[in-house]
Amino acid sequence: QVQLVESGGGLVQAGGSLRLSCAASGQTLSSYAKAWFRQVPGKEREFVAVINWSGGRTVYADSVKGRFTISRDNAKNTVYLQMNSLKPEDTAVYYCAADLTIATNSGAFHYWGQGTQVTVSS
């Protein structure tokens with residue numbers, strides 16, 4: 001059974017940085033695309049970034065482009081999200097997801113983590 005476990009969330013001041021990690025266990029997902037989404041209460045889950053299996057292709061939401069970087073280490077079965085220049089509007093629960101094909105809609109992803117809270121204070 002595949003498990004995705006996020007870590008690295010927390011409280012940070014506006015302008016600060018955080019790095020999220022998502023480790024997979026139960027199955028090697030090195031051939032899977034991996035993505036980050038985020039969600040605030042009362043709103044739909046929002047796409048943040050996605051990376052293909054090799055790391056050679058990435059796609060970002062316009063709201064995070066230039067501030068966030070997604071990367072992966074297939075040897076460690078882990079995907080990362082480096083978040084710089086954080087803003088209060090980045091506050092959300094961040095989820096990682098995995099599936100065979102690269103996509104930006106949450107419905108395309110079969111495997112999900114439990115989420116990690118990121119709070120950016122002004």
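The values are calculated or read from the model by the stated rules, or taken from the named source; none is laboratory data. It should be emphasised that the depicted structure is a prediction, and the values quoted were computed from it without experimental measurement. Positions of Cβ are backbone-derived with ideal geometry, glycine not excepted, and every protein chain shown enters the neighbour counts. These area figures cover heavy atoms from the full protein model, side chains too; ligands, DNA and RNA do not enter into them. Shrake-Rupley method; radii C 1.70, N 1.55, O 1.52, S 1.80 Å.
For segment 63-87, the set of residues classified as among the small types (G, A, S) and at pLDDT 95 or above consists of S63, G66, S71, S85, listed by residue number. Would you check if V64 is among the aliphatic types (A, V, I, L, M) and closer than 18 Å to Q114 by Cα? No. Within segment 21-57, the set of residues being out of contact with any strand residue (DSSP E or B) (no Cβ under 8 Å at 6 or more places or on another chain) and either surrounded by 14 or more Cβ atoms within 10 Å (Cβ to Cβ) or of a type outside the set (V, I, T) (or both) comprises Q27, S30, S31, P41, G42, K43, E44, S54, G56. Number of residues in segment 90-108 that are without any contact (Cβ under 8 Å) to a residue 24 or more places away in the chain and either open to solvent by 50 Å² or more (accessible area, probe 1.4 Å) or among the polar types (S, T, N, Q) (or both) equals 1. Just one of the numbered conditions (1) in contact with an Asp or Glu (Cβ under 9 Å, 6 or more places away or on another chain); (2) at positive phi is not true of N77: (1). Looking across S71, S85, one residue alone is part of a loop (DSSP other than H, G, I, E, B) and either touching a Phe, Trp or Tyr at 6+ places or on another chain (Cβ under 8 Å) or open to solvent by 30 Å² or more (accessible area, probe 1.4 Å) (or both). It is S85. Residues in segment 7-20: is at least one in contact with an Asp or Glu (Cβ under 8 Å, 6 or more places away or on another chain) and either open to solvent by 50 Å² or more (accessible area, probe 1.4 Å) or not in a loop (DSSP other than H, G, I, E, B) (or both)? Looking through segment 7-20, at least one residue is in contact with an Asp or Glu (Cβ under 8 Å, 6 or more places away or on another chain) and either open to solvent by 50 Å² or more (accessible area, probe 1.4 Å) or not in a loop (DSSP other than H, G, I, E, B) (or both). Candidates are the residues of segment 21-56 that are of a type in the set (S, T, Y) and part of a strand (DSSP E or B); the one that is farthest from Y94 (Cα to Cα) is S25.
Among the residues examined, T119 qualifies as open to solvent by 20 Å² or more (accessible area, probe 1.4 Å), modelled with pLDDT of 95 or more, farther than 19 Å from I51 by Cα and not basic (K, R).
Among the residues here, Y95 qualifies as touching a Phe, Trp or Tyr at 6+ places or on another chain (Cβ under 8 Å), under 13 Å from S21 (Cα atoms) and of a type in the set (F, W, Y).
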